[in-house]
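This report refers to the structure that appears directly beneath it.
The values are calculated or read from the model by the stated rules, or taken from the named source; none is laboratory data. Nothing here was measured: the structure is a model prediction, and the numbers come from that model. FYI the Cβ positions are ideal-geometry reconstructions off the backbone, even for glycines, and counts take in every protein chain you see. Keep in mind that these areas ignore ligands, DNA and RNA; they rest on the heavy atoms of the full protein, side chains included. Shrake-Rupley method; radii C 1.70, N 1.55, O 1.52, S 1.80 Å.
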Amino acid sequence: MSTNLATKLREGTKKSHTMAENVGFVKCFLKGTVEKTSYRKLVSNLYFVYSAMEEEMERHREHPILSKIYFQELNRKKTLEQDLCYYFGSNWQEKVVPSVAAKEYVQRIKDMSEKEPELLVAHSYTRYLGDLSGGQILKKIAQRGMNLSDGQGTAFYEFKQIPDEKAFKANYRQAMDELPIDNATADRIVEEANAAFDMNMKMFQELEGNLIKAIGIMLYNTLTRRGARGSTELATAE
């Protein structure tokens, strides 16, 4: 019996999705304002989140529900390691630590894995479907915003083992619809997906301080240059 879980997730997380897109950091990013310090902190946080999620999914790879949506080609841990090496150097493991929000996110994943592993479907859906849907757009924004060469610092967005992302997403959604769950479990998965969106928003909100500071410095430098140029013009006129 199908619970139409894919549709329920899409409809049931619309509000959370909109709220996430309206967080200041995300809005600035989508408009092309990418501050490197904030971005690399996001990459490091995502590393801890995906490491936890993929460790738990691997642990439950024989689970009657999770096994149906366990696709190793989605794994992002290795690609995040490549990006961290680019942003922090070869000793990146000595430099990166999860933020408060990232720690809470990781703990939530571990708690669900212990108590209700079927709810990991929500975390998988929230992260991976989002990565596949907007990944290439976000990659281009990051490249332009930080003047990156192709392949530098954006491995996270590349799914080399998935040649047709549209077809893969269709298959993934079909697999979710065919999960052996009842409607009550489907509703709990939607609820957990909204909680996952909330935890992502908290990670984004933590980054706004660095972003606002960077924008302030850029504005100050711009105004200072204009002021200096104005003084020079005035002196010349005199």
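Flag: SER133 does not match the condition of being open to solvent by less than 10 Å² (accessible area, probe 1.4 Å), of a type outside the set (A, V, I, L, M, F, W, C) and in a helix (DSSP H, G or I).
Would you confirm, using the coordinates I've provided, whether GLY89 is among the small types (Gly, Ala, Ser), on the phi > 0 side of the Ramachandran plot and surrounded by fewer than 19 Cβ atoms within 10 Å (Cβ to Cβ)? The answer is yes for GLY89.
Is the stretch 65-74 home to any residue that is on the phi > 0 side of the Ramachandran plot, out of contact with any strand residue (DSSP E or B) (no Cβ under 9 Å at 6 or more places or on another chain) and of a type outside the set (Lys, Arg)? Taking every residue of the stretch 65-74 in turn, none turns out to be on the phi > 0 side of the Ramachandran plot, out of contact with any strand residue (DSSP E or B) (no Cβ under 9 Å at 6 or more places or on another chain) and of a type outside the set (Lys, Arg).
Yes/no per residue for (1) at pLDDT below 95; (2) among the hydroxyl-bearing types (Ser, Thr, Tyr); (3) within 24 Å of GLN205 (Cα to Cα); (4) open to solvent by less than 20 Å² (accessible area, probe 1.4 Å):
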position: GLY12; (1), (2), (3), (4): no, no, yes, no
position: HIS17; (1), (2), (3), (4): yes, no, yes, no
position: GLU21; (1), (2), (3), (4): yes, no, yes, no
position: PHE25; (1), (2), (3), (4): yes, no, yes, yes
position: LEU30; (1), (2), (3), (4): yes, no, yes, no
position: SER44; (1), (2), (3), (4): no, yes, yes, yes
position: SER51; (1), (2), (3), (4): no, yes, yes, no
position: LYS68; (1), (2), (3), (4): no, no, no, no
position: PHE71; (1), (2), (3), (4): no, no, no, no
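With respect to LYS115, is the statement that it is open to solvent by 10 Å² or more (accessible area, probe 1.4 Å), in contact with an Asp or Glu (Cβ under 6 Å, 6 or more places away or on another chain) and at pLDDT 95 or above true? Answer is no for this residue. Listed by first and then second residue, the pairs with beta-carbon distance under 6 Å, at least 6 apart or on different chains, first residue in the stretch 174-189 and surrounded by fewer than 18 Cβ atoms within 10 Å (Cβ to Cβ), second part of a helix (DSSP H, G or I), are ALA175/LYS68; ALA175/ILE69; ASP177/LEU5; ASP177/ALA6.
Taking the stretch 191-207 as the search range and keeping residues that are within 15 Å of GLU116 (Cβ to Cβ) and open to solvent by less than 30 Å² (accessible area, probe 1.4 Å), which one is farthest from the chain's Cα centre (by Cα)? Checking each candidate, the answer is GLU192.
Matching residues to (1) open to solvent by 20 Å² or more (accessible area, probe 1.4 Å); (2) within 22 Å of ALA196 (Cβ to Cβ); (3) in a helix (DSSP H, G or I):
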{"site": "LEU80", "(1), (2), (3)": "no, yes, yes"}
{"site": "CYS85", "(1), (2), (3)": "yes, no, yes"}
{"site": "PRO98", "(1), (2), (3)": "yes, yes, no"}
{"site": "TYR105", "(1), (2), (3)": "no, yes, yes"}
{"site": "LYS110", "(1), (2), (3)": "yes, yes, yes"}
{"site": "HIS123", "(1), (2), (3)": "no, yes, yes"}
{"site": "TYR128", "(1), (2), (3)": "no, yes, yes"}
{"site": "ILE137", "(1), (2), (3)": "yes, yes, yes"}
{"site": "PHE156", "(1), (2), (3)": "no, yes, yes"}
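So, of the residues in the stretch 34-65 that are in a helix (DSSP H, G or I) and of a type in the set (A, V, I, L, M, F, W, C), which turns out to be nearest to ALA155 (Cα to Cα)? Ranking the candidates gives VAL43 first.
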